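**Q** I am attaching a structure below and will ask some questions about it afterwards.
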Amino acid sequence: VGDAVLVSVKDYELTEEQWQVILGGSFGDGSLRQVGTHAAAFRVGHGEAQKDYLRWKREMLAPFASEIRRTGRGWGFDTLAMPALAELRGAYYGEGGARRAVDSTLDRLDARGLAVWYADDGSFMGSFERWGKGKAVLYNTALSGDSRLRVQALFERLAVGRPPDDRPGFWFDS
């Protein structure tokens, strides 16, 4: 009783570009998984149609990313577990494991991270060639309440406007 236990956990330094892939991807098709007490790993999976995009993500996260392999109904990879990702995981997931968007995370997200999130969960409907207009939508059913309002504020900060939110999606006019 009263003894202190010190733990040594290897941490890695990610580039700003790598952080943006993880920040945006964690709102999209990726997840942060706890690995032990002091570390977490980023895991992402995509279907066959997005395999080239998955390869790009893996290249961006090298040398921290494992090889691409079959996962469920598609393909995916994990990064090495690291303490910095455990800290980020604490910001992304609230009680009961629900995803949330807190200011400390959204403040770090820039246009690159938003582009990754859109590439994961976004879609475009309409045709410029046919009708001269269309709408982009960024789907996210995991966030609710204040998290969705904070995401709308992020869109304003990044100068893409404040899109209507019909939960499941944020709708952007073209």
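The values are calculated or read from the model by the stated rules, or taken from the named source; none is laboratory data. Model, not experiment: these values are computed from the prediction. Every residue, glycine among them, receives a Cβ derived from its backbone with ideal geometry; neighbour counts consider all protein chains shown. The protein model used for the area step is the full one, side chains on, heavy atoms only, and it has no ligands, DNA or RNA in it. Shrake-Rupley method; radii C 1.70, N 1.55, O 1.52, S 1.80 Å.
**Q** Keeping all protein chains in place, calculate the accessible area per residue for the stretch 74-121 (probe 1.4 angstrom), answer in Å².
**A** 42 Å²
**Q** Do you know the Lys pair count in the stretch 8-139 for C-alpha distances under 30 Å, with sequence separation 8 or more or different chains?
**A** 4
**Q** How far apart, in nanometres, would the label points at Tyr139 and Glu16 be if each is projected 7 angstrom from Cα along the Cα-to-Cβ direction?
**A** Taking the simple label geometry, Tyr139 and Glu16 are separated by 3.3 nm.
**Q** Could you run the Karplus curve 6.51 cos²θ - 1.76 cosθ + 1.60 with θ = phi - 60° over the stretch 29-39 and give me ³J(HN,Hα) per residue in whole Hz, x for Gly and Pro?
**A** Running phi through 6.51 cos²θ - 1.76 cosθ + 1.60 with θ = phi - 60° gives 8, x, 8, 10, 10, 5, 10, x, 7, 10, 8 Hz.
**Q** Which three semi-axes in whole Å describe the equivalent ellipsoid of the chain, each the square root of 5 times a Cα gyration tensor eigenvalue, listed largest first?
**A** 31, 20, 14
**Q** Given H placed 1.01 Å from N in the peptide plane, which residues other than close sequence neighbours of Ala40 have an amide H under 5 Å from its amide H?
**A** The answer is Val35, Met82, Leu85, Ala86.
**Q** Let me understand the stretch 77-174 better: what is its radius of gyration from the alpha carbons, and its Dmax, in angstrom?
**A** That works out to 15.1, 50 Å for Rg and Dmax.
**Q** Still on this structure, please answer the following. Can you give me the % of accessible surface on the chain that is carbon or sulfur? Probe 1.4 Å, all protein chains present, nothing else counted.
**A** Taking all protein chains in place, the chain shows 52 percent carbon and sulfur surface.
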